[in-house]
Amino acid sequence: MIERYSYQSAFAASEIPHWRIDDIIGGDKRLDFDRPFMPESLARVNQLTFLNDEEKRTLNQIRGHAYLSIFGLVEEFILPFVLDHARPQLQGDDYRVRALLQFASEEAKHIQLFKRFQQEFQDGFGTNCAVIGPPEDIARAILAHDPLGVAITTLHIEWMVQRHYVDSIKDDQELDPQFKSLLKHHWVDEVQHAKLDTLMVQSLAAGRSEAEILGGIEEYLEIGGFLDNGLAQQMEFDLESFELATGRELSDSEKEQFRLSQRQANRWTYLGSGMTHPRVLETLETLTPKARARVESVSPVFS
Ligand SMILES: [Fe+2]
Ligand SMILES: [Fe+2]
């Protein structure tokens, strides 16, 4: 059991950093399309040496747009999941109720935030970029799984957000300031969510046999496989958007390199960086060391 987190301390911390969407985007706060939006460790566009600097930046921005849409998607399943988790115990610990409702409310705010940035992107980029969806269908498919598998997916996503910001975004001075500000404000809220996810995972695993816990792990991996298929589709959309936006038609061998490199870049961004996060692995280990070992046996594919 990890004793480090409590509903009370997570709730108290979440009361402090409140921010409004209008503080981050709109008015004179516009995206600067002369700057990259994503850190190179996630975008991995420099590997594509057949692209010039401007084309690399365009692809980087397309990946930024996909990031907005994929986070919009995952928040759509996290919101009802957290509400469902709060609902049966409204009469229990007051801090638990308030922390979970605050969590849900912040995810609703994030959905709106990502939409606002997507609109801003579409207004300024000049080419329509296709994205996977619709979000309701993806949310429905994910929520059909064992709640423990869904809770571990949520844990993975929220620690992943922190890894992206702390390891790659915080000290990157090249990024567009508005996009960076979005990622920073999202990260601020997610710090508390990741703690609450840990508590949700532990409460859903409580009373389960080891076999039942490992069943939940398999469901988490199934959700990962489902998302991985979506990422493969998104990568194809990004390739189409790139050709549309730049007017450059890639040769067959360039497309092959694009797919190879961007497939792996997407896998690391949304899957590998979460499933190898030390705090995710630590939580899995508290359920059973076999849970951690099972996830570690597949994670190298997503590096
Ligand atoms: Fe969020
Ligand atoms: Fe969150």
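Look at region 150-181 and say how many of its residues are among the basic types (Lys, Arg) and within 15 Å of ligand 1 (Cβ to nearest atom). Result for region 150-181: 1. Of all residues in region 162-203, exactly one satisfies the criterion of being among the hydrophobic types (A, V, I, L, M, F, W, C), farther than 19 Å from PRO36 by Cβ and touching a His at 6+ places or on another chain (Cβ under 8 Å), namely MET200.
Residue by residue, here is whether (1) more than 13 Å from ligand 1 (Cβ to nearest atom); (2) under 22 Å from LEU244 (Cα atoms); (3) of a type in the set (Val, Ile, Thr) holds:
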position: LEU101; (1), (2), (3): yes, no, no
position: GLU107; (1), (2), (3): no, no, no
position: LYS115; (1), (2), (3): no, no, no
position: GLN122; (1), (2), (3): yes, yes, no
position: PHE125; (1), (2), (3): yes, yes, no
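Taking residues in region 208-223 that are under 15 Å from SER299 (Cα atoms), and partners anywhere that are among the polar types (S, T, N, Q) and modelled with pLDDT of 95 or more, the pairs with Cβ atoms closer than 8 Å and at least 6 places apart or on different chains are TYR220/THR153; ILE223/THR153. Among the residues making up region 244-292, those that are among the small types (Gly, Ala, Ser) and either in contact with a Leu (Cβ under 6 Å, 6 or more places away or on another chain) or surrounded by 14 or more Cβ atoms within 10 Å (Cβ to Cβ) (or both) are ALA245, SER261, ALA265, GLY272, SER273, GLY274, ALA291.
The sole residue among ASP189, ASP228, ASP238, ASP197 that is over 27 Å from ASN60 (Cα atoms), in contact with a helix residue (DSSP H, G or I) (Cβ under 7 Å, 6 or more places away or on another chain) and not hydrophobic (A, V, I, L, M, F, W, C) is ASP197.
Just one of the listed residues (VAL45, VAL82) is within 16 Å of ligand 2 (Cβ to nearest atom) and of a type in the set (A, V, I, L, M, F, W, C), namely VAL82. Summed over region 156-209, residues that are within 12 Å of ligand 2 (Cβ to nearest atom) and either in contact with a Gly (Cβ under 8 Å, 6 or more places away or on another chain) or closer than 24 Å to ARG267 by Cβ (or both) total 13. Total residues in region 118-142 satisfying the condition of being within 16 Å of ligand 2 (Cβ to nearest atom) and either buried (at least 20 other Cβ atoms within 10 Å of the Cβ) or under 24 Å from SER14 (Cβ atoms) (or both): the figure is 2. Looking across region 117-141, the residues that are closer than 23 Å to PHE81 by Cα and more than 16 Å from the chain's Cα centre (by Cα) come down to PRO134, GLU136, ASP137, ARG140, ALA141. If you go through region 227-271 and keep only what is of a type in the set (D, E, K, R) and touching a residue at least 24 places away in the same chain (Cβ under 8 Å), you end up with ASP228, ASP238, GLU240, ARG248, GLU254, ARG259, ARG263, ARG267.
The condition of being buried (at least 17 other Cβ atoms within 10 Å of the Cβ) and touching a Ser or Thr at 6+ places or on another chain (Cβ under 8 Å) holds for only one of LEU48, LEU100, LEU68, that being LEU48.
The values are calculated or read from the model by the stated rules, or taken from the named source; none is laboratory data. Owing to the predicted nature of the structure, the values given are computational and were not obtained by experimental measurement. Glycine gets a Cβ as well: all are built from the backbone with ideal geometry, and neighbour counts include every protein chain shown.
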